[in-house]
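This report concerns only the one structure given below.
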Amino acid sequence: MIEIQQLRKSLYGGGHKVDIINGIDLTIPSGQFTAVIGASGSGKTTFLSLIAGLDSPTSGSIVIDNQDITKLTEDELAALRAERFGFIFQNFHLIPTLTALENVVLAAELNGTPGAQKKSEDLLGTVGLTDRLHHYPAQLSGGEQQRLSLARAFVNEPEIVLADEPTGNLDSKNSEHILDLMLELHRVKQATILLVTHEPHIAEKSQRILTMADGVIVEDTKPATHAKD
């Protein structure tokens, strides 16, 4: 479970204060697939970065399973991310000198995950990349690179997966494929997923939609597809 109380993030420059996150209170239950939508500049990516411990809030708390991560050191935050988080980025952030398989195996080995090679091969099979194991990222299409990113994010069976515009650089066909894979991995792995997107039809597939504007959550809804869950 993620519990957020009075979360604020402000930046100062040129004698002015800019409020990026402006007092968010929120609880995200374990295993929930939540989408965050909003216009550019609404604070979505900053919000995700704060939950990941990649940025520090000006005030407020972020409690993950009774641990306030805002009080952790950088080393403790790095360990927390390695042990409990998976990340999916819009621009993939793959290591270009490693093959698809090596990109996933490395993530598993760095975390000390047992059976890293077999687990990586199985996950790459799940996302449809069995015949691309030994290709480098530059030899993969955008959709294939994002599927590789999905496998890397899930290889350590993280409790929390943070996805920042994972379909933003893809065409509609690949976007739907990536979303279907995320939904299937969510169903199988039961991870808590927080997905930032500007695409309403993507958000509609989630279990909950948070709409952000001016650094606050202005709407908290359940999509029609899950209304009877």
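Observations on the model:
- Sole exception among (1) out of contact with any strand residue (DSSP E or B) (no Cβ under 6 Å at 6 or more places or on another chain); (2) surrounded by 18 or more Cβ atoms within 10 Å (Cβ to Cβ) for H93, by number: (2)
- When I178, I217 are checked against the criterion of being assigned to a strand (DSSP E or B) and in contact (Cβ under 8 Å) with a residue 12 or more places away in the chain, a single residue qualifies: I217.
- Checking every residue in the stretch 188-207 against the condition of being in a loop (DSSP other than H, G, I, E, B) and over 28 Å from G23 (Cα atoms) gives at least one match.
- Test: residue in the stretch 159-169 that is in contact with a Lys or Arg (Cβ under 9 Å, 6 or more places away or on another chain) and more than 15 Å from H93 (Cβ to Cβ): yes
- Test: residue in the stretch 20-34 that is surrounded by 14 or more Cβ atoms within 10 Å (Cβ to Cβ), aliphatic (A, V, I, L, M), in contact (Cβ under 8 Å) with a residue 60 or more places away in the chain and over 18 Å from M212 (Cα atoms): no
- Options N156, N169: the member that is more than 22 Å from R81 (Cα to Cα) and outside any helix (DSSP H, G or I): N169
- No other residue among I178, I209 is within 19 Å of the chain's Cα centre (by Cα), surrounded by 15 or more Cβ atoms within 10 Å (Cβ to Cβ) and at pLDDT below 90 apart from I178.
- Pairs linking a residue in the stretch 108-122 that is in contact (Cβ under 8 Å) with a residue 24 or more places away in the chain and crowded, with 18+ Cβ neighbours inside 10 Å to a residue that is among the aliphatic types (A, V, I, L, M) and not in a helix (DSSP H, G or I), with Cβ atoms under 7 Å and 6 or more positions apart or on different chains, are A108/V155; K119/V155; S120/V155.
The values are calculated or read from the model by the stated rules, or taken from the named source; none is laboratory data. Please read these numbers as outputs of a predicted model, since none were measured by experiment. Methodologically, a virtual Cβ is constructed for each residue, glycine included, from the backbone with ideal geometry; neighbour enumeration extends over all protein chains shown.
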